[in-house]
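Contents: one structure, followed by commentary.
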Amino acid sequence: MKVRTLTLAVLCGLGAMALPAASQAGNVGYNIIGAYSDGIPAAITSLGHTPVPVTTLDAPSLASLDVLVLASCGEQSLLSAPNAALNTAVQNGMKLVVETGCSGSILNSANLPGAPTYSSSTFDAYPEADDIEIPAGSPILTGPGGTLTATSLDRIGATDGYYNMVRYHLRSALPAGATVLLTTGNTDHVGALAWSHGSGRVVHTETQSSFFLPGSLAADATESFKPGMVVYFKNLLAWASGPGAPATTCASEGYTGTKLTWCKNICEMGYTGATLDMWIHRWINRYRDLPYCAQE
């Protein structure tokens with residue numbers, strides 16, 4: 001009975017973590033490859049930020065930016081090589097949001113700030129992406145765009161030929177400490193993730209969310225997930241615009257060894273359902289207390 005009560009307490013505590021991070025007005029740059037995401041500047045304005053067109057990813061162009069959005073759909077390569085100026089800007093506190101929305105815009109993740117290598121485990125998301133899940137504690141669940149539900153991003157029927165998720169990556173290959181934002185029905189298949197690099201943050205989403213913004217290519221589409229995609233993009237951008245690395249992590253709390261691994265599984269990996277419940281029970285049975293993220 002005591003274990004069951006503590007489990008419920010942990011689940012309630014993790015649910016509270018879904019509250020979005022507050023963001024402040026800033027300069028949000030955007031670079032769009034392919035005429036699919038023209039609604040991004042208006043979305044930036046709607047969130048209280050100033051949109052700044054960026055044509056060259058060099059130090060002078062990035063110096064005044066708080067956030068940079070890169071959206072790609074087409075055969076033109078996105079970040080075909082590591083970019084030292086981009087890496088330094090993120091390391092110094094800039095936030096980077098990358099959306100690769102088409103089969104022709106596959107991204108080599110090693111070219112992103114921090115040089116992670118998770119894209120070596122890239123797979124086509126369909127058909128399982130018809131059911132997209134938002135992990136418990138995902139910071140984009142609620143935000144200025146609205147609130148997402150378990151079915152907001154699901155693809156019910158193929159009416160206009162657009163996609164809610166293009167590819168996924170294996171959870172086991174993600175950067176250390178990565179935040180999982182979206183999965184397919186298989187929670188080991190991750191379609192959107194984020195990680196800290198220096199004082200900044202990188203967000204990579206394998207969706208077509210920006211396509212559905214007012215002013216974008218698919219603004220008039222009738223896909224079932226269109227309203228959810230608009231909510232998702234705005235919540236994603238709002239969260240990305242907020243503080244960078246969290247003030248408290250499993251590592252910063254001093255957990256080591258098995259305790260560190262288990263803490264990450266409960267607090268930072270975005271597990272849900274039976275998998276999350278398993279790690280909660282293991283923690284309570286061994287340590288007879290709660291990890292830092294559920295103690296309040």
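The values are calculated or read from the model by the stated rules, or taken from the named source; none is laboratory data. As the structure is a prediction and not an experimental result, all values here were calculated from the model. Note that we place each Cβ from the backbone using ideal geometry, even for glycine, and neighbour counts take in every protein chain shown. For the accessible areas, the whole protein counts, side chains as well, though only heavy atoms, and no ligand, DNA or RNA atoms are used. Shrake-Rupley method; radii C 1.70, N 1.55, O 1.52, S 1.80 Å.
A few comments on the model shown:
- Sequence-distant aspartates and glutamates (8 or more away, or on other chains) whose Cα lies within less than 20 Å of K234: D38, D66, E99, E133, D154, E206, D220, E223
- Percent accessible area from carbon and sulfur atoms, segment 63-204, protein chains only, probe 1.4 Å: 50
- Rounded to whole numbers, the Karplus 3J(HN,Hα) couplings from phi for segment 216-230 are 8, 4, 9, 4, 9, 5, 10, 4, 4, 8, 3, x, x, 5, 5 Hz, using 6.51 cos²θ - 1.76 cosθ + 1.60 with θ = phi - 60°, and x at Gly and Pro.
- Annotation for segment 55-124 versus segment 140-169: alpha-carbon center distance of 22 Å.
- Amide hydrogen proximity for T179: with H placed 1.01 Å from N in the peptide plane, the residues at 5 or more positions away or on another chain lying under 5 Å are A194, W195.
- What the phi angles of segment 149-157 give under the Karplus curve with 6.51, -1.76 and 1.60, with θ = phi - 60°, is a coupling list of 10, 5, 10, 4, 10, 6, 9, 10, x Hz, glycine and proline written as x.
- Taking amide H as placed 1.01 Å from N in the peptide plane, the amide H of G29 sits under 5 Å from that of V52, D66, V67, L68, V69, each at least 5 places away or on another chain.
- Dividing the mean sequence gap of close Cα pairs (under 8 Å, 6+ apart) by how many residues segment 110-154 holds gives a relative contact order of 33 percent.
- Sorting the segments 208-221, 275-288 by their residues' average number of neighbouring beta-carbon atoms within 10 angstrom, most packed first, yields 208-221, 275-288.
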